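The values are calculated or read from the model by the stated rules, or taken from the named source; none is laboratory data. Keep in mind that this is a model prediction, so the values were computed, not measured. All Cβ positions, glycine included, derive from the backbone under ideal geometry; neighbour counts span all protein chains shown. The area values use the complete protein model at the heavy-atom level, side chains included, leaving out ligands, DNA and RNA. Shrake-Rupley method; radii C 1.70, N 1.55, O 1.52, S 1.80 Å.
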Amino acid sequence: MQKYFEIGQIVTTNGIKGFVKVNPFTDNIKRYDDLKSIYIEYKSELLEFKIEEVRYYKNQVILKLEGIDSIEEANKYRNCYLKIKREDAVKLPENTYFIADLIGIQVFDESNNFLGNIVDIFSTGSNDVYVVKNEIGKEILLPAISEVIKQIDIKNSKMVVNLIEGLNDEI
C-alpha cells in the first residue's frame, strides 16, 4: 500500500507573494481546509510545508505555504505534485477504496481465472469503470457495480469479479 497519496498538482503561481495555484485530485475540493501541511514532490524528494492559507478559485485551490514568499520561489514548484500521508487521508465509507490502492490489483473471475491487473480507473458519472489489462495487452472494462465486483481484498491485492453477460465477449 502506498504511504502517500497525491492530492493535487501545482500548475502556476498566483500573485507575487508566493501563492501557488493547484489542480486538486480529490472529489471534495474543500478537503484542503482540513490540512495543516502537505508534501511537495520536488526532484525525487518529499518536502514538507505548513499551509498558511487556503483559498478557492473556480475548481482550483490557491495555497500559501510557509517558507514560499515570492513568485520566484513559488515558480520553482510549478508542475510538482502535492502529497499527504495515508493517515491524513479522509476516512472512506465502507466498500469504497482509494484509486491508488486499486491500481495494480490482480483481477480474477469467480472460477479463479486470472484476468489481468487494474491499470486505470475512470468515472462515467453513474459509476467508475476499472480498466483491466492482461499479460498480452488485451483490455477488459469492468463497471464498478455490485453485480460485477464481488470481492476486493486490498491487503492481498486481489479482486474477484462476476463476468456478467456482455463482459465475457471482451476477453
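Using C-alpha pairs below 8 Å separated by at least 6 residues, the relative contact order for the chain is 19 percent.
From most to least packed by mean Cβ count within 10 Å, the peptides 50-58, 75-83 give 75-83, 50-58.
Approximating the spin labels as points 7 Å out from Cα along Cα→Cβ, the Asp109-to-Lys85 distance works out to 4.4 nm.
Which of rounded, prolate or oblate describes segment 3-89 when judged by the alpha-carbon gyration tensor and an a/c cut-off of 1.5?
Because a/c hits 1.5 or more and a/b fails to exceed b/c, segment 3-89 counts as oblate.
Cross-link pairs exceeding 20 Å between alpha carbons, from the set Lys30/Lys91; Lys3/Lys30; Lys64/Lys91; Lys50/Lys83: Lys3/Lys30; Lys64/Lys91. Placing +1 on each Lys and Arg Cβ and -1 on each Asp and Glu Cβ, with no other charges, gives segment 1-109 a dipole about its Cα centre of roughly 300 debye. Contact order, relative form, for segment 106-171: 29 percent (alpha carbon pairs under 8 Å, 6 or more residues apart, mean separation divided by residue count).
Other residues whose C-beta falls under 14 angstrom from the C-beta of Gly67 contribute a net charge of -3, scoring Lys and Arg +1 and Asp and Glu -1.
Candidate cross-link partners of Lys150 among the lysines, defined by an alpha-carbon separation under 18 Å and a same-chain spacing of 8 or more, comprise Lys158. The residues of segment 68-156 have, on average, 60 Å² of accessible surface per residue, using a 1.4 Å probe with all protein chains present. Charged side chains reduced to their Cβ positions (Lys and Arg at +1, Asp and Glu at -1) give segment 57-119 a dipole of some 260 debye around its Cα centre. Per-residue Karplus couplings for segment 12-19, computed as 6.51 cos²θ - 1.76 cosθ + 1.60 with θ equal to phi - 60°, are listed in order as 6, 8, 9, x, 10, 9, x, 6 Hz, Gly and Pro entered as x.
Compare the Cα positions of Asn112, Ser37, Val161 along the charge dipole of the chain (+1 at Cβ of Lys, Arg; -1 at Cβ of Asp, Glu; about the Cα centre) and return the one farthest towards the positive end. So the residue we want is Ser37.
Would you mind classifying segment 105-171 by shape? Square roots of the alpha carbon gyration tensor eigenvalues, ordered a ≥ b ≥ c; an a/c under 1.5 is rounded, otherwise it is prolate if a/b is larger than b/c and oblate if not. Rounded shape, in that the Cα axes give a/c under 1.5.
Using a ≥ b ≥ c from the Cα gyration tensor of the chain (square roots of the eigenvalues), is it rounded, prolate or oblate, where a/c under 1.5 gives rounded and otherwise the larger of a/b and b/c decides, a/b for prolate? Display every interim value, and only then the final one.
Details: a/c = 2.62, a/b = 2.55, b/c = 1.02.
Taking the square roots of the gyration eigenvalues as a ≥ b ≥ c, the chain is prolate.
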